[in-house]
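Here the structure comes first, spelled out in structure tokens, and everything after it is commentary.
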Amino acid sequence: MSDTSTPAPAPGAAHDAHGGHETNYVKIWGILLALLVVSVVGPMLGHPVLTMVTAFGIAFVKAFLVIKYFMHLTVEKKYIGLLLLTMLAIMLVFVAGVAPDVMKHEGQRWTNTAAIEAVEKGLKANEAAGHGEHHGEAPAEAPAAAPH
Amino acid sequence: MSSFPRPIATTRSATGISTGKLAVWWLIASEIVIFGGVLGSYVMHRIGHPEWASQAEHTNTWAGALNTFILLTSSLMAVLAHQAAEHKDGKKAAKFLYLTILGGLMFLTVKSIEWTNEIHHGFTLTSHTFWSFYYTAAGIHGVHVIVGLIIMAIIASDAKKGIDLQRVEAVGLYWHFVDIVWIFLFPLLYIAK
Amino acid sequence: MISKYVDSVATFSGDIDHLIWVITAIVGFWFLLAEAVFFYLIIRYAARDGVRAQYVAGEDPKEKRWVAVPHYLTLAFDVWIIFSAISVWQEVKQTMPQADETVRVIAQQWAWTFIHPGADGQLDTADDIRLVDELHVEKGKTIHFELQSRDVLHSFSVPVFRLKQDVIPGRTIRGWFKTTQAGAYDIQCTEICGIGHAIMPARIIIESPEDHAAWLLSQTPATAALTTPTTQTGGMP
Amino acid sequence: MSSTATPEASGHSHDDGHGHDGHAHGHAEQNFFLKYFWSTDHKIIGFQYLFTGMFMALIGGFAVYAFRMQIAFPGMSVPGYGRVTATDYNALVTTHGSVMIFWVAMPVLIAALGNYLIPLMIGADDMVFPRLNRLSYQLFLLSIVVLIASFFVQGGAFGGAWTSYPPLSAKPEYNLTPLGAPMWLVAVALEFAAFLLGGINFVTTLMNSRAPGMKMFDVPIVIWMIVIASILFMASVGPLVAGAIMLLFDQTVGTGFFDPKKGGDPVLWQHLFWFFGHPEVYVVLLPAMGIVAEVITTFSRKKLFAYKTVIYTAVGTGALSFFVWAHHQFIAGIDPRMANIFSVTTLLISIPVAEMVFVYIATLFGGSIRLTTPMLWALAFIGEFLLGGVTGIFLGSSGADIYFHDTYFVIAHFHYTFFPIAFIAVFAAVTYWFPKMFGKYMNEAWGKVHFWGTIIPFNFIFIPLFLLGARGDHRRIYDYTHFPDLMKPGMQDLRVLATLSLVVLLAFQVVFLVNYFYSAFKGPKAEANPWKANTLEWQAPSPPPHGNFPEGLPTVYRGPYEYSHPDRQDDHWPQNSPS
């Protein structure tokens, strides 16, 4: 919502910037598909940290490509990008304010006994189910997912 | 469509961004927080409950990947439609929009086969809170896909007649946003196991 | 100020009263000052024939001072209030003095169950005393409480302690108080919990050491078993 | 100044001659239904919201009458209602709270005034998306249909308070309203959808469709405020929309998002709710502040003191409002360490709000104040809101909130903010823009009778509630006789005093309704600019025809508050007057 009275740019100007790149879109699409393949193959290597990187890191790259080349946000007015970033920041504020109560199951003078029990029971049940891979993967989940 | 007398207000553009496009940017902004709310809640629960991994294992990565492929491709079609509209080629724009719609329909088809399969295996909305989140998040996204398809069909039929070509870009933006949401849903629901 | 109407019975209730007094003094002063200026301006600048209004843009720093100075003063007083408020908050909600006794408080629609540790001072032993809607504590003892709920949200509120804490199903929330005076007072549920929200009062009975010992004796395990509340309050799971 | 908009100005003058006039005539011969119920004219849609809001205020007012009578005289058969049972009581409290906020304050302050004023005050002929606007109202109407239907279903209306905390709201076995609870939630969600559409329309209209020459800093404060409020709404309501879907699933199909037994967490809902719920306070406060700015500048013939500061403080308030939500949850089971952070941010938000009030008081300095009815309302807003504002400091201070939380002190506090917002400021707006809306004057003497008949009882309702709250009265209790400590001498007298004052206040609203509707039809005719105001809506005829400015859309040359300019004979200087 900055001052918006600046004169409109010539309508064609911004569009011409990407108007001539007819092949470009297909190329971007090709890159996106390649990234998709990487994000599917990533988990097959079985390394939890690598999975997180390929899954979410690549999601961000893909989103960036779509935003930049398909939505042309980079040639849009600056405040549109800022607006979208602000919305994301607001969600970060939300998660930061809520996580100490909801994501964590214990805090100063309180214990989420129901959740702790559910985690314990669930992990035990997973173990009892017998698959070795479950056993190995499940506990690794929490630390690996933490950065997100 | 053209029978409706559009006010002068709609044709003004003090920002230099066309009115429809500006509105879609605001729509996307308000959608970010809607998806942010449900995905934020999901992520917090997921990190707090490592045992949900045993449920997440049963999601079908291949179906998710196929749908990602379909949506990415339909996004390409949407941007090509936009390009055609830029060149005032309404017929071509409509053709690409119809291809985009086809992509959306394929996405929904894959989704319904996948869900039917999961429900048959006993993974329903109520069977576990992981599945509640899974169906809710993907369901809200699916509703956006359906709404997008309807709007796109209207715009495509107008574009074919050369009416309101500026709308092609606006609906394209919305469609790319729906695509981006799926780009994040895919790792959150399918890959992180 | 509050204690004129509501007894002050816990060690920290006086601190909360004092905090409320400090805030009242600060905001009361500002409120009255602002209202006084406001009414003065209305009367002083009432429309008069032939007198034209002044043209003041309020963009000049010299003019802006009239707003900026009160603004900085507000900030300064805010900081004062924040420090007082947080120190009281930390005393009541964030510290845990060594307990003499721990009681468990279980809320449900629409009754309180208080589990006293009994003669051995330990919870979850045979001599625990379960009472419905009645909490007995000994004057001057530091009591820890554990709040649990069986169904919906409730709130454990003891106005004479100035203490309040919501009770959340699935969680155990701990807190403390130390009484300073004997007597019987209200415990209220202050979070709406269904149609019986208004009929969920309980009493806290603060007893002198002698009375408390007598009460403890009267609640021998045998008689306590007879008054076990589960039968009275119905079979909520 | 006007040169900045040249590319658009040329296109505009072209449109002005042709498209616009044909447009206005095209709507001349519509039948009654199409004109008033299927219209896309922003003014008609504004009226639809306004009258719907007034109707809902009657429902909300009736609910508060019924349950206050029960508190004052427990067990009595309330005239016009009958005996209030505990179930009724909870439903009435819930209805009052949710109706007054979601179906009175929001539609009247944002939707009605936004729709009516934005195009007029920025010199446009309509909103940019007229049909979206109509859809928005229809969704809103649908939400009301669902809400009112929920009063009559089996089990009755939802009674879990407007905050709708699970698990109480999530499970029929706890709330005993198997249909009322989900219907309430659907109604709220539909209402949100309506305002999201409306908000997008408002923001786009302001950004793109200002009259040629009108820069952002030439926009009247009330429009700024409505648009900032719409943005706040859009940015804060998202998580709750998601939460509402989750809660609806909990209620209807038995998921466990908020059920601790199924791995969910009831505290999550509280966060989702208040993350919206607190910005919501500013969503309705800011438009009210904007109304007051328009009225006090007009009737004190003064330029608004520090126009830009007001906008910056509004933006600052809006931004800060995303960091304070958990002060509603200090004792609701959040981690006590978090309460410290939220206490600090909460007290900090008092600074921009206080500054805004200071600016308004400073605007009065050196003015030529005429105490007309709208001016009385606007001044009363400042005077009463101050008390609401300062009592918020008690509740934002975590230490004091331990005692005051969920008592009548809270109720008195937020009514000292919400009543000035949703009623005092709205009465200021309704009386101020009445000549524009209907081309008639309201009766000034009856207007003042209504003013005093509202303001005096208002204080006599809520000052007793402050005292009761300080003495430990807690909320949503239908009968205090079960609490010995709350039946001490004098306490019931205060409850009775508050209730009787309420009855007086409600009775005086009849004066308003009669004055309003009588004047709308039979009042003396008003000229286009009866208050000699500067903003663009007063330069259009009263009432403005479809298309707003029959003599061509205006061009703007200056800011909205150039009153008593030293270089001019006239004490006002319309925004569109070339010299």
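The values are calculated or read from the model by the stated rules, or taken from the named source; none is laboratory data. These numbers come from a predicted model, not from an experiment. Every residue, glycine as well, gets a Cβ built from its backbone with ideal geometry; the counts of neighbours run over all protein chains shown.
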For segment D:129-139, check the following and say yes or no: at least one residue is under 30 Å from D:Asn529 (Cβ atoms), among the hydrophobic types (A, V, I, L, M, F, W, C) and either in contact with a helix residue (DSSP H, G or I) (Cβ under 8 Å, 6 or more places away or on another chain) or at pLDDT 95 or above (or both). yes
Go through (1) surrounded by 23 or more Cβ atoms within 10 Å (Cβ to Cβ); (2) over 26 Å from the mean Cα position of the chain (by Cα); (3) outside any loop (DSSP other than H, G, I, E, B) one by one and return the number of the condition D:Asn340 breaks. (1)
Scan of segment D:213-229 for residues that are more than 18 Å from the chain's Cα centre (by Cα) and more than 19 Å from D:Trp538 (Cβ to Cβ), ordered by number: D:Lys215, D:Met216, D:Phe217
Of the residues in segment D:452-492, those that are over 23 Å from C:Ile20 (Cα atoms) and among the polar types (S, T, N, Q) come to D:Thr454, D:Thr481, D:Gln492
Got at least one residue in segment C:94-108 being of a type in the set (A, V, I, L, M, F, W, C), within 10 Å of chain D (Cβ to nearest Cβ) and surrounded by 13 or more Cβ atoms within 10 Å (Cβ to Cβ)? no
Only one residue in B:Thr73, B:Thr68, B:Thr61 is polar (S, T, N, Q), farther than 23 Å from B:Val171 by Cα and within 11 Å of chain A (Cβ to nearest Cβ), so which one is that? B:Thr61
Scanning for something buried (at least 24 other Cβ atoms within 10 Å of the Cβ), among the acidic types (Asp, Glu) and part of a helix (DSSP H, G or I), does segment D:249-265 turn up at least one residue? yes
Considering segment C:183-237, residues that are among the polar types (S, T, N, Q) and more than 30 Å from D:Asp473 (Cα to Cα), and then whichever is modelled with the highest pLDDT, we arrive at C:Ser218
Do you know which residues across segment B:1-51 are among the aliphatic types (A, V, I, L, M), touching a residue at least 24 places away in the same chain (Cβ under 8 Å) and facing chain D (nearest Cβ under 7 Å)? B:Ala23, B:Leu27, B:Ile34, B:Val38
Would you confirm whether any residue within segment D:365-383 is within 9 Å of chain C (Cβ to nearest Cβ), over 24 Å from the mean Cα position of the chain (by Cα), β-branched (Val, Ile, Thr) and under 22 Å from C:Ala76 (Cβ atoms)? no
Condition first: part of a loop (DSSP other than H, G, I, E, B) and among the aromatic types (Phe, Trp, Tyr). Now tell me which residues in segment C:98-131 satisfy that. C:Trp110
Being at pLDDT 95 or above and more than 14 Å from every other protein chain (Cβ to nearest Cβ) narrows D:Phe414, D:Phe419 down to just D:Phe419
Counting only residues that are out of contact with any Ser or Thr (no Cβ under 6 Å at 6 or more places or on another chain) and touching a residue at least 60 places away in the same chain (Cβ under 8 Å), segment B:64-79 contains a total of 8
From the option list D:Ala105, D:Ala112, D:Ala86, single residue qualifying as under 30 Å from B:Pro5 (Cα atoms) and away from chain B (no Cβ under 14 Å) is D:Ala112
Hey, which of the helices (runs of 4 or more DSSP H) in segment A:29-110, taking only ones fully inside, have at least 3 residues that are facing another protein chain (nearest Cβ under 9 Å) and more than 17 Å from B:Leu185 (Cα to Cα)? A:78-102
Given (1) over 30 Å from D:Thr298 (Cα atoms); (2) crowded, with 23+ Cβ neighbours inside 10 Å; (3) not hydroxyl-bearing (Ser, Thr, Tyr), identify the lone condition not met by D:Leu190. (2)
Checking B:Glu169 against (1) closer than 29 Å to D:Leu247 by Cα; (2) surrounded by 23 or more Cβ atoms within 10 Å (Cβ to Cβ), which test does it fail? (1)
Out of B:Ile155, B:Ile151, I need the residue that is among the aliphatic types (A, V, I, L, M), surrounded by fewer than 16 Cβ atoms within 10 Å (Cβ to Cβ), under 19 Å from the mean Cα position of the chain (by Cα) and farther than 27 Å from A:Thr54 by Cα. Which one? B:Ile151
Checklist (1) over 30 Å from D:His565 (Cβ atoms); (2) touching a Ser or Thr at 6+ places or on another chain (Cβ under 8 Å); (3) not hydrophobic (A, V, I, L, M, F, W, C) applied to D:Glu355, failing item: (1)
Would you mind finding the one in D:Ala428, D:Ala412 that is touching a Phe, Trp or Tyr at 6+ places or on another chain (Cβ under 6 Å), under 22 Å from C:Tyr5 (Cα atoms) and among the aliphatic types (A, V, I, L, M)? D:Ala412
Look at D:Gly316 and say whether it is assigned to a helix (DSSP H, G or I) and either more than 8 Å from every other protein chain (Cβ to nearest Cβ) or not hydrophobic (A, V, I, L, M, F, W, C) (or both). yes
Testing D:Tyr174 on (1) facing chain C (nearest Cβ under 10 Å); (2) in a loop (DSSP other than H, G, I, E, B); (3) surrounded by fewer than 24 Cβ atoms within 10 Å (Cβ to Cβ), one condition comes back false. Which one is that? (2)
Is it fair to say C:Tyr45 is farther than 28 Å from D:Thr391 by Cβ, touching a Lys or Arg at 6+ places or on another chain (Cβ under 7 Å) and crowded, with 16+ Cβ neighbours inside 10 Å? no
Cβ-Cβ below 6 Å, separation at least six or inter-chain, first residue in segment D:141-162 and under 23 Å from D:Leu50 (Cα atoms), second part of a helix (DSSP H, G or I) and acidic (Asp, Glu): which pairs? D:Ser143/D:Glu191
